[in-house]
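Following: one structure in structure tokens, then a few remarks.
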Amino acid sequence: MNVLDPAYAASLDAADSLRAFRDEFHIPVINGKSTLYFTGNSLGLMPKLAQTYVEEELEDWKNWGVEGHFHARRPWMPYHEFFTDSLANLVGGKPEEVVVMGSLTNNLHLLMVSFFRPSGKRTKILCEAKAFPSDQYALASQLRFHGLDPKEHLVEIGPRDGEHHIRKEDFMAAIDQHGDEIALMMVGGVNYYTGQVHDMKTLTAYAQNKGIIVGWDLAHGAGNVELHLHDWNVDFAAWCHYKYINSGPGATAGYFVHERHHGITDIPRFEGWWGHDKDTRFTMPETFKPIPTAEAWQLSNVPVMAMAPLRASLDLFDRAGLENLREKSKKLTSYLQQVLEEVALASDSNFEIITPLDERGAQISLLVHGYGRPLFDYLMEEGVIADWREPNVIRMAPVPLYSSFEDIRAFGEILLTYLKNH
Ligand SMILES: *Cc1c(COP(=O)(O)O)cnc(C)c1O
């Protein structure tokens, strides 16, 4: 059976027990064409229920005013608490270890106030080379904040010459070599560029064994791959909700703080009233009394309207089940790989998939040797929404909640047509 045969893709869709979830999303129609959407790793699609949930909050605001804090359908006072069970499930934390708040880079900074505390010989941060720019800026500015020169105190581990992803043993070698000088290891658990999924469990234990605090940026991990942050003993993690978690542009983010760091009163932390003990919050005592959970890092009362779409998305994750989603995701990504290989063969093109086969989530990054921006522009014209990185990398992420096998097949056919003619 040719993988580009429409009947084959149709048979895969027919066998997909999650296919009905696609109808829970708005699939963008651009220039009259329903798009083939592969940028769930950048901005997830809108769950239809998001509109209902936002409208309900607007309605409750209209009807209740300030009383909505207690009488809204989902009272605003404890509003963020309505997310913790689902979110804990998604990242493998305990409910008291996860919080929805702020934005990813903000949260990374706030968490580093507590978890990057250089002292004595231990002053360095271990990270991946060419990390997402915001992470690079955050790490470098944290170092400078402590009077440390990033050139000297940021230890970056990159791929070896001629390779695209970072070997686990190279992280380990760096930990062996610099271990007692490193205060913090902060790495993207799933690399945003190559899609490589790091062995977070092993690396966390390896670094902690040398006295290093370990934080993971899970912007591309949350909602994509299996995470067991509690069991892996991760110190802290942060992620956003607009990528694989479909909660809208700039959606409220999330973070994890392991329970062993809870309830410590002398931990350095930037504090606000929403991190203060709930029983005495409104008696406005002078001294901050931290909630004995990850909520101690919260600052403000929560942006209800901005958070409502996340509830819609988490409902879908809860209904679909994480194991089912991951199982389908593996099938979609393998199928995408097969389609790309078939297209390369049929068009005699030498594509290079730079995402490791055995360490990946939903994303495949493709180096299109010999082709450039015009190829990508053609794909866009044909209704393919993918992500282009100069000079010649296409990133695609089929998402198990709404992508179909037919989306991938149709994309393959469009790509093949172009390559045969150019
Ligand atoms: C998407 C992404 C960000 C974006 O940061 P925001 O604070 O949400 O704007 C940061 N880091 C990584 C690794 C990302 O993938």
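The values are calculated or read from the model by the stated rules, or taken from the named source; none is laboratory data. Bear in mind the structure is a predicted one, so any value in this text is a computation, not a measurement. Backbone-built Cβ (ideal geometry, glycine too); neighbour counts: all protein chains shown. Note: areas computed on protein heavy atoms with side chains; ligands, DNA, RNA excluded. Shrake-Rupley method; radii C 1.70, N 1.55, O 1.52, S 1.80 Å.
Structure notes:
- Scope segment 347-384; condition part of a strand (DSSP E or B) and under 19 Å from the mean Cα position of the chain (by Cα); matching residues: Arg360, Ile364, Ser365
- For segment 368-377, the criterion of being within 14 Å of Thr194 (Cβ to Cβ) and either crowded, with 16+ Cβ neighbours inside 10 Å or free of Cβ contacts under 8 Å to residues at least 60 places away in the same chain (or both) is met by none of the residues.
- Criterion: at pLDDT 95 or above and closer than 28 Å to Asn392 by Cβ - qualifying residue of Gly162, Gly147, Gly188: Gly188
- Positions within segment 387-408 being open to solvent by less than 10 Å² (accessible area, probe 1.4 Å) and either part of a loop (DSSP other than H, G, I, E, B) or free of Cβ contacts under 8 Å to residues at least 60 places away in the same chain (or both), in sequence order: Ile394, Pro398, Val399, Leu401, Tyr402, Ser403
Residues checked against (1) open to solvent by less than 70 Å² (accessible area, probe 1.4 Å); (2) farther than 22 Å from Gly195 by Cβ; (3) in contact with a strand residue (DSSP E or B) (Cβ under 9 Å, 6 or more places away or on another chain):
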| residue | (1), (2), (3) |
| --- | --- |
| Arg117 | no, yes, yes |
| Lys121 | no, yes, no |
| Tyr137 | no, yes, no |
| Leu148 | yes, yes, yes |
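- Lys33, sole failed condition from (1) surrounded by fewer than 18 Cβ atoms within 10 Å (Cβ to Cβ); (2) in the same structural domain as Leu332 (by TED's automatic domain parsing); (3) at pLDDT 95 or above: (3)
- Among residues of segment 255-267, those that are surrounded by 24 or more Cβ atoms within 10 Å (Cβ to Cβ) and either in a helix (DSSP H, G or I) or within 14 Å of the ligand (Cβ to nearest atom) (or both), counted: 1
- Within segment 219-254, the residues that satisfy the criterion of being within 17 Å of Trp297 (Cα to Cα), in a loop (DSSP other than H, G, I, E, B) and within 13 Å of the chain's Cα centre (by Cα) are Cys240, Thr252, Ala253.
- Per-region count, segment 1-25, residues in contact (Cβ under 8 Å) with a residue 60 or more places away in the chain and in a helix (DSSP H, G or I): 10
- Inspection of segment 192-209 identifies no residue that is open to solvent by 20 Å² or more (accessible area, probe 1.4 Å) and on the phi > 0 side of the Ramachandran plot.
- Residue tally, condition near the ligand (Cβ under 10 Å from one of its atoms) and touching a residue at least 24 places away in the same chain (Cβ under 8 Å), over segment 125-136: 5
- Any chance Val66 is open to solvent by 40 Å² or more (accessible area, probe 1.4 Å), among the β-branched types (Val, Ile, Thr), assigned by TED's automatic domain parsing to the domain that holds Lys330 and without any contact (Cβ under 8 Å) to a residue 24 or more places away in the chain: no
- Residue count, segment 260-289 (criterion: modelled with pLDDT of 95 or more and touching a Gly at 6+ places or on another chain (Cβ under 9 Å)): 1
- Residue list for segment 168-187, restricted to those being under 19 Å from Val225 (Cβ atoms) and surrounded by fewer than 21 Cβ atoms within 10 Å (Cβ to Cβ): Lys168
- Filtered residue count, segment 88-108, keeping only those that are open to solvent by less than 30 Å² (accessible area, probe 1.4 Å) and either within 16 Å of the ligand (Cβ to nearest atom) or more than 17 Å from Arg311 (Cα to Cα) (or both): 10
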